[in-house]
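Trainee: One structure, as structure tokens, below. Some questions next.
The values are calculated or read from the model by the stated rules, or taken from the named source; none is laboratory data. Owing to the predicted nature of the structure, the values given are computational and were not obtained by experimental measurement. Here the Cβ positions follow ideal geometry from the backbone for every residue, glycine too, while neighbour counts run over all protein chains shown. With ligands, DNA and RNA removed, areas are computed over all heavy atoms of the protein, side chains included. Shrake-Rupley method; radii C 1.70, N 1.55, O 1.52, S 1.80 Å.
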Amino acid sequence: MSAGFDSFRIHRTAIWGFGREGQAALAAIRRYYPEKRVALLLSVEEAQRWDFSGDPYLELITAEVTAGILGQYGTVIKSPGISPYTPACDWARFRGTRMISGSSLWFAEHQRDRTICITGTKGKSTVSALVAHLLRAAGQVTALCGNIGVPLLELLHAEPAPDWWVIELSSYQTADFMGVPAVACVLNLFPEHLPWHGSEERYYSDKLKILAAADAVVLNGADDRLVALTAAKHGYYFNSRDSWHLRDTQIFYADDAILAVKDLRLSGRHNAENVCAALMIVQAAGFDARALAKHVASFYPLPHRLQKLGARGGLDYIDDSIATTPHASVAALQAVAPAAVSIIVGGFDRGLSWTHFVDAVQATPPHAVIVCGANASVIIDAVKARMRTIEPTLAPSAAPGTLAITVVDDLAAATALAARVTPRGGVVLLSPGAPSFDAFSSYAERGRAFARFAGFGDVSEVEIAGLGIL
């Protein structure tokens, strides 16, 4: 047992949040300390959802979590979505409370395991799943886990242990990172989750913590911000002419063409760059990436990531609900070009600039932009500051500098309008550029709703292939 779990023996302990991560934390504690008193800090809804009668050593606290409550505990295991950068958390830490994530507890137990840790603002799930796919093609028993869908603590005592752990980490999980990765990769850096981190600078700093103790570092050579912030690191760079990079319609290693983009199931330039990242990661891990590259062709896109739902009424429908930044929406537009596309954007407002999106639609206007969600006015104002606007119709808006854009009440109305105004043979693209929390519990729920509104029925959740240990 590591010092991480040993501390529970002497400290009053609380688990803050009882989603999947919180449940995994409780199960891990119960393995070591079946009769330890543990407090659960959770919402009234969470308390009503579960039957806790089988565990008499639990104390349920549904009151607002304050500094006074946190300060009563020596260790608090918090769910990833809860920011540690609040006055209440600062005060509790000052009084001696240790705030820790389930991911950090796992790393404390697995310091000597071969781990590949992947983070970034965009693309980390696809790259993580692809790296696992390639390692398995190389005959390696591989765990695919972390932020991608299987909490690390659920695999705390995996028997037999895998050859490799491929771990996707969000910025919430890298904030208190204490692992020693064999390979650590940061794919890119764009402003995101700023309310949770408190500032753009701390968001970047929290992301980059996975690089500190890594044996090998993989970085995006085309991300100027990332390159500048990691200038002191000696790393393997993808998107670099002397390594894995995209050139025209081919993926190259240095000057050798290795893969044709047309042979991939993944759409868009950004996904071709994700392939370059995955190949660079397996190479940094010591594998023959050139030999493994052929297996990229058998990799399927993940759900809600430029997922082709099918055709209805002469239109193709694409679910890119995972797009929670304006940069991601721009990448989606580029992926479906040159089709006539009506893009649905908008959602929870977290203060991000839409300038990059406006630049993109000004240079290459889609057929229509349909906006809904809490940040609709932010998007409309950003567009109107730079472009003339008209209402979307079936006729193309050919006037230079003009964009067909409108605001509707919700996703159902947006999908219906897109179906009316998009020319036959065109594309209706959900790529919101914002989180879903203003109207849906998750990007997955938003994607399923879009499929239903588009006429594809109640689409059951498609699990990401390859999760867990295979």
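Trainee: What are the residues in the range 325-349 that are open to solvent by 30 Å² or more (accessible area, probe 1.4 Å) and either within 22 Å of Asp458 (Cβ to Cβ) or within 22 Å of the chain's Cα centre (by Cα) (or both), if any? First the steps, then the outcome.
Mentor: Step one: filter the range 325-349 for residues open to solvent by 30 Å² or more (accessible area, probe 1.4 Å), giving 327, 334, 337-340, 348-349.
Residues satisfying the conditions are His327, Gln334, Phe348, Asp349.
Trainee: May I ask you to list the residues in the range 371-411 that are assigned to a loop (DSSP other than H, G, I, E, B), within 16 Å of Ser342 (Cα to Cα) and of a type outside the set (A, V, I, L, M)?
Mentor: From the range 371-411, those assigned to a loop (DSSP other than H, G, I, E, B) are 372-375, 385-387, 391-401, 408-410; that's our starting set.
After this cut, where a residue has to be within 16 Å of Ser342 (Cα to Cα) as well, the list is 372, 391-398, 408, 410.
Cys372, Glu391, Pro392, Thr393, Pro396, Ser397, Asp410 - these are the residues of the range 371-411 that are assigned to a loop (DSSP other than H, G, I, E, B), within 16 Å of Ser342 (Cα to Cα) and of a type outside the set (A, V, I, L, M).
Trainee: How about the range 49-136: which strands (runs of 3 or more DSSP E) wholly inside it have at least 1 residues that are touching a Ser or Thr at 6+ places or on another chain (Cβ under 6 Å) and open to solvent by less than 10 Å² (accessible area, probe 1.4 Å)? Lay out the reasoning, then the answer.
Mentor: Numbers: elements: 58-61, 75-78, 98-101, 115-119.
Passing ranges, in order: 75-78, 115-119.
Trainee: Okay, moving on. Looking at (1) in contact with a strand residue (DSSP E or B) (Cβ under 9 Å, 6 or more places away or on another chain); (2) in contact (Cβ under 8 Å) with a residue 40 or more places away in the chain; (3) open to solvent by less than 10 Å² (accessible area, probe 1.4 Å), find the lone condition where Val369 falls short.
Mentor: (2)
Trainee: Right, next: Yes or no: Leu226 in contact with a helix residue (DSSP H, G or I) (Cβ under 7 Å, 6 or more places away or on another chain) and crowded, with 20+ Cβ neighbours inside 10 Å? Explain how you work it out, then say what you get.
Mentor: Working: in contact with a helix residue (DSSP H, G or I) (Cβ under 7 Å, 6 or more places away or on another chain): no; crowded, with 20+ Cβ neighbours inside 10 Å: yes.
No; evaluated as a whole, the condition is false for this residue.
Trainee: If you go through the range 435-460 one residue at a time, how many are open to solvent by less than 60 Å² (accessible area, probe 1.4 Å), in a loop (DSSP other than H, G, I, E, B) and within 21 Å of Gly351 (Cβ to Cβ)?
Mentor: Filtering the range 435-460 down to residues open to solvent by less than 60 Å² (accessible area, probe 1.4 Å) leaves 435-436, 440, 442, 444, 446-447, 449-451, 454-457, 459.
When the remaining residues are screened for being in a loop (DSSP other than H, G, I, E, B), the result is 435-436, 440, 442, 454-457, 459.
Subsequent filtering for residues that are within 21 Å of Gly351 (Cβ to Cβ) retains 435-436, 440, 442.
Qualifying residue count, the range 435-460: 4.
Trainee: Here is a follow-up. I'd like to verify a number: residues in the range 348-366 that are touching a Lys or Arg at 6+ places or on another chain (Cβ under 8 Å) and touching a residue at least 40 places away in the same chain (Cβ under 8 Å), how many?
Mentor: The total comes to 1.
Trainee: Could we say that Ser377 is under 19 Å from the mean Cα position of the chain (by Cα) and either in contact (Cβ under 8 Å) with a residue 60 or more places away in the chain or open to solvent by 30 Å² or more (accessible area, probe 1.4 Å) (or both) here? Step through it out loud before you land on a result.
Mentor: On the way: under 19 Å from the mean Cα position of the chain (by Cα): no; either in contact (Cβ under 8 Å) with a residue 60 or more places away in the chain or open to solvent by 30 Å² or more (accessible area, probe 1.4 Å) (or both): yes.
Spelling it out, it is not the case that Ser377 is under 19 Å from the mean Cα position of the chain (by Cα) and either in contact (Cβ under 8 Å) with a residue 60 or more places away in the chain or open to solvent by 30 Å² or more (accessible area, probe 1.4 Å) (or both).
Trainee: Does the range 293-327 hold any residues that are among the polar types (S, T, N, Q) and either within 29 Å of Asn375 (Cβ to Cβ) or at pLDDT below 90 (or both), and which are they?
Mentor: Restricting attention to the range 293-327, the residues satisfying the condition of being among the polar types (S, T, N, Q) are 298, 307, 321, 324-325.
Gln307, Ser321, Thr324, Thr325, listed by residue number.
Trainee: In the range 275-292, what count of residues is obtained for those that are in a helix (DSSP H, G or I) and out of contact with any helix residue (DSSP H, G or I) (no Cβ under 6 Å at 6 or more places or on another chain)?
Mentor: Here is the first cut: in the range 275-292, the residues in a helix (DSSP H, G or I) are 275-284, 289-292.
So of that shortlist, the ones also out of contact with any helix residue (DSSP H, G or I) (no Cβ under 6 Å at 6 or more places or on another chain) come out as 276, 280, 284, 290-291.
The number of residues fulfilling the criteria is 5.
Trainee: Do we have Ala285 as more than 19 Å from Asn188 (Cα to Cα) and crowded, with 21+ Cβ neighbours inside 10 Å here?
Mentor: yes
Trainee: Just one of the numbered conditions (1) open to solvent by 50 Å² or more (accessible area, probe 1.4 Å); (2) not in a strand (DSSP E or B) is not true of Lys308; which one?
Mentor: Evaluating Lys308 over (1) open to solvent by 50 Å² or more (accessible area, probe 1.4 Å); (2) not in a strand (DSSP E or B) leaves (2) as the failure.
Trainee: Then there is this: So which residues in the range 5-48 are open to solvent by less than 90 Å² (accessible area, probe 1.4 Å) and either part of a loop (DSSP other than H, G, I, E, B) or at positive phi (or both)? Outline the logic, then answer.
Mentor: In the first step, residues of the range 5-48 are kept if they are open to solvent by less than 90 Å² (accessible area, probe 1.4 Å); the result is 5-8, 11, 13-19, 21-30, 32-34, 36, 38-44, 46-47.
Once the filter is applied, which keeps residues that are open to solvent by less than 90 Å² (accessible area, probe 1.4 Å) and either part of a loop (DSSP other than H, G, I, E, B) or at positive phi (or both), the range 5-48 yields His11, Gly17, Phe18, Gly19, Tyr33, Pro34, Lys36, Leu42, Ser43.
Trainee: Conditions: (1) within 30 Å of Leu309 (Cα to Cα); (2) modelled with pLDDT of 95 or more; (3) surrounded by fewer than 19 Cβ atoms within 10 Å (Cβ to Cβ); (4) out of contact with any strand residue (DSSP E or B) (no Cβ under 7 Å at 6 or more places or on another chain). Arg265 meets all but one. Number of the miss?
Mentor: (2)
Trainee: I'd like to check something: does the range 415-422 contain any residue that is under 31 Å from the mean Cα position of the chain (by Cα), surrounded by fewer than 22 Cβ atoms within 10 Å (Cβ to Cβ) and over 25 Å from Ala339 (Cα atoms)? Explain how you work it out, then say what you get.
Mentor: Initially, the range 415-422 is screened for residues under 31 Å from the mean Cα position of the chain (by Cα), giving 415-419, 422.
Right, trim to surrounded by fewer than 22 Cβ atoms within 10 Å (Cβ to Cβ) and you get 416-417, 419.
From what's left, over 25 Å from Ala339 (Cα atoms): none.
Taking every residue of the range 415-422 in turn, none turns out to be under 31 Å from the mean Cα position of the chain (by Cα), surrounded by fewer than 22 Cβ atoms within 10 Å (Cβ to Cβ) and over 25 Å from Ala339 (Cα atoms).
Trainee: Restricting to the range 404-418, name every residue that is within 15 Å of Pro366 (Cβ to Cβ) and not β-branched (Val, Ile, Thr).
Mentor: Initial filter on the range 404-418 (within 15 Å of Pro366 (Cβ to Cβ)): 404-406, 414, 417-418.
Residues satisfying the conditions are Ala404, Ala414, Leu417, Ala418.
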